[in-house]
Amino acid sequence: MNPEEAASLHAAAFPPGEAWGADAIALMLDLPGAFGLLRPGAGFVLARVAADEAEILTLAVHPAQRRAGLGSALLAEAMAGAVLRGAAAMFLEVSERNAAGRALYAAAGFAEVGRRRRYYPDGADALVLRRDLKNHS
């Protein structure tokens, strides 16, 4: 994955205070168990697996590409990649104010298992979501 291109997509998809630069994305990709899936000009997902748990580090879809199923496709590919790497469950965090993201994750079977108060720069709570991967197809 090209960190520069991913950073450009992240900047388009997230508010300025939350966008990750190329250096941050490269650091994430260097984490043990990390992997990424990039759709040039459209979106990407970064995830990692540790032991039998996986985590979505970020998922970004360019605003011009939204509402076409790309987020769902990237999420499904990340779950499949996590299963191939031995994960039995996947976690992620989403802003309580991100209605589209929350709907995407709910449709994929994620459920709230925790909350991180005032986690995001805008003061929003992060909802910690989890999904069992044993039934992922």
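Odds and ends about this structure:
- Between residue 103 and residue 67, the simple label model (points 7 Å from Cα in the Cβ direction) yields a spacing of 0.9 nm.
- Per-residue packing, averaged as other Cβ atoms within 10 Å, sorts the ranges 94-100, 28-34 into the order 94-100, 28-34, beginning with the highest.
- Cβ crowding within 10 Å ranks 112, 93 as 112, 93, fewest other Cβ atoms first.
- Looking at the chain alone, DSSP beta bridges between its own residues are antiparallel in about 90 percent of cases.
- Average Cα contact separation per residue, the chain, under 8 Å, 6 or more apart, as relative contact order %: 19 percent
- For the pair residue 119 and residue 23, a Förster radius of 25 Å applied to the C-beta separation gives a FRET efficiency near 0.70, rounded to the nearest 0.05.
- Nearest-0.05 FRET efficiency for residue 80 and residue 52, computed from C-beta distance (R0 22 Å): 0.90
Taken together, the values in this text are just the output of simple stated rules run on the coordinates, not laboratory data. Since this is a predicted model, take the numbers as computed values, not measurements. Neighbour counts are summed over all protein chains in view; Cβ atoms, including those assigned to glycine, are modelled from backbone coordinates with ideal geometry.
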